[in-house]
Amino acid sequence: MSHQGILSKQLFCHHERSLSDYDDVWASILVASLQKLSGNCKLYHVNLLLMHKIESYLAWFRNLLISCGAFWFSLQFVKLLALLSGRAGAGITYRDGVGGAIAMGVMMSMGRAICAGIGGAIVSFAAIGSKPHRWAAVVALLYLIASRPHFFFLDAKWYHWLHEAALFWPPVLCLVVAALIGRMQSTRPPATSNQNGT
């Protein structure tokens with residue numbers, strides 16, 4: 001083999017080795033970029049989950065504040081509505097028995113019950129989430145805790161039924177109103193945009 005052929009072969013081998021080294025460098029850069037991108041994707045996924053958790057906690061705290069605010073706002077009308085309901089039921093006579101005692105307890109706590117229903121309605125419309133009417137349970141619980149009816153019929157036979165009816169009627173009415181509003185909201189057809197822009 002001539003000297004020129006040997007030189008050409010050496011140059012070709014050197015060029016082939018240079019291309020191989022060039023490919024290895026780019027391959028290592030590509031692998032490093034993919035690893036960095038994968039790390040960034042994992043970090044983005046973690047940040048996304050963290051933000052979702054924070055948003056859910058903030059929504060929960062907001063609904064709790066709305067429920068407490070609805071309870072406080074509705075509580076301001078208890079005295080007025082209790083006075084009006086007391087005047088409306090002043091001429092009603094009740095029979096002696098369990099039914100009469102329950103009816104009397106319901107009527108005597110009607111003012112608080114109406115206020116509790118108002119609080120449940122406020123929460124059902126103001127709270128956020130897929131089922132905001134469920135937060136009316138907080139209002140009902142607060143009314144149950146704050147309600148301490150005392151009647152001066154300690155020697156009466158049906159005092160226990162009267163007391164329990166007056167205690168549980170406001171929370172029950174609150175939940176009933178919220179459930180009806182939630183039912184109306186779930187059966188309401190979704191708003192569709194008009195294609196003509198009107």
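Looking only at the stretch 95-110, which residues are assigned to a loop (DSSP other than H, G, I, E, B) and either within 25 Å of ALA121 (Cα to Cα) or free of Cβ contacts under 8 Å to residues at least 12 places away in the same chain (or both)?
ARG95, SER109
When you check ILE114 against the structure, is it crowded, with 17+ Cβ neighbours inside 10 Å, among the β-branched types (Val, Ile, Thr) and closer than 21 Å to GLY69 by Cβ, yes or no?
yes
Give the residues of the stretch 154-195 that are modelled with pLDDT under 70 and under 14 Å from ILE102 (Cβ atoms), sorted by residue number.
The answer is ALA156, LYS157.
Among the residues of the stretch 63-94, what is the count of those that are farther than 15 Å from ALA136 by Cβ and either in a helix (DSSP H, G or I) or in contact with a Lys or Arg (Cβ under 8 Å, 6 or more places away or on another chain) (or both)?
So the count comes out to 11.
Select, from ALA32, ALA90, ALA27, the only residue that is out of contact with any Phe, Trp or Tyr (no Cβ under 6 Å at 6 or more places or on another chain), surrounded by fewer than 10 Cβ atoms within 10 Å (Cβ to Cβ) and at pLDDT below 75.
ALA90
Test of understanding: among ILE114, ILE128, ILE122, which residue is of a type in the set (A, V, I, L, M), under 24 Å from SER186 (Cα atoms) and not in a helix (DSSP H, G or I)?
ILE128 is the lone residue from the list that is of a type in the set (A, V, I, L, M), under 24 Å from SER186 (Cα atoms) and not in a helix (DSSP H, G or I).
The values are calculated or read from the model by the stated rules, or taken from the named source; none is laboratory data. As the structure is a computational prediction, the values presented were derived from the model and not from experiment. Positions of Cβ are backbone-derived with ideal geometry, glycine not excepted, and every protein chain shown enters the neighbour counts.
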